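The next block holds one structure in the form of structure tokens; read it before the comments.
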Amino acid sequence: MTSSAKAEGRFGKEDFVYLAEENVYRCLAAEKPHEDLLEAVQKRLDENPHALRTRRETSEHPFGTIKVRIGVTHFPMKTLPKVVTEMALCVVAYNLTRVLNIAGVPALLEAIKG
């Protein structure tokens, strides 16, 4: 790994200390990345190499759409509770629009009536 990558905070396995008795790696900040979890994720990706692409295509699209619709790339509100509320409202609006586009207004009104 190049020194510029390390300067940007990206490290390779060689920068960690493996603690065999715990099956974990210890990083420079004395935190312990759990190797068994990382290996399980890698195994799932190796078994289905298109899974990450599929996830990216299905999960990133709504966020991109929301960003375009509200016309900003960041939240204008400050503090976590306000941002959480702002995001929740954006997601509700997105989901409502999806329902209207997929099912239509009559089906939505019928579902609301129960």
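Every read-out reported here was derived from the displayed coordinates using simple, explicitly stated rules and does not represent laboratory data. The structure presented is a predicted model; accordingly, all values stated were derived computationally and were not measured. Cβ placement follows ideal geometry from the backbone for every residue including glycine, while neighbour counts extend to all protein chains displayed.
Quick look at the values:
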| read-out | value |
| --- | --- |
| For the range 3-42: Kirkwood Rh in Å [reciprocal of mean 1/r, alpha carbons] | 10.9 Å |
| Straight-distance crosslink candidates among lysines, where the alpha carbon sits under 29 Å from Lys82 and sequence neighbours closer than 8 are dropped | Lys67 |
| Amide N proximity, the range 64-89 versus Ala111 label position 7 Å along Cα-to-Cβ, cut-off under 18 Å | 89 |
| Spatially proximal aspartates and glutamates relative to Lys13 (Cα-Cα < 18 Å; intrachain offsets below 8 disregarded) | Glu21, Glu22, Glu31, Glu35, Asp36, Glu39 |
| Neighbour-count ranking [beta-carbon atoms within 10 angstrom, fewest first] of Val24, Val99 | Val99, Val24 |
| Between helix 35-47 and the chain: long-axis angle, C-alpha atoms, 0 to 90°, nearest 10 | 60 degrees |
| Cα→Cβ-extended label distance, 7 Å offset, between Arg98 and Glu14, nm | 4.4 nm |
| Relative contact order (%) - the chain, alpha-carbon pairs under 8 angstrom, separation at least six | 9 percent |
| Over 20 Å [Cα-Cα, the chain], rounded percent | 69 percent |
| Rounded to 10°, Cα long-axis angle of helix 80-102 versus longest principal axis of the chain | 60 degrees |
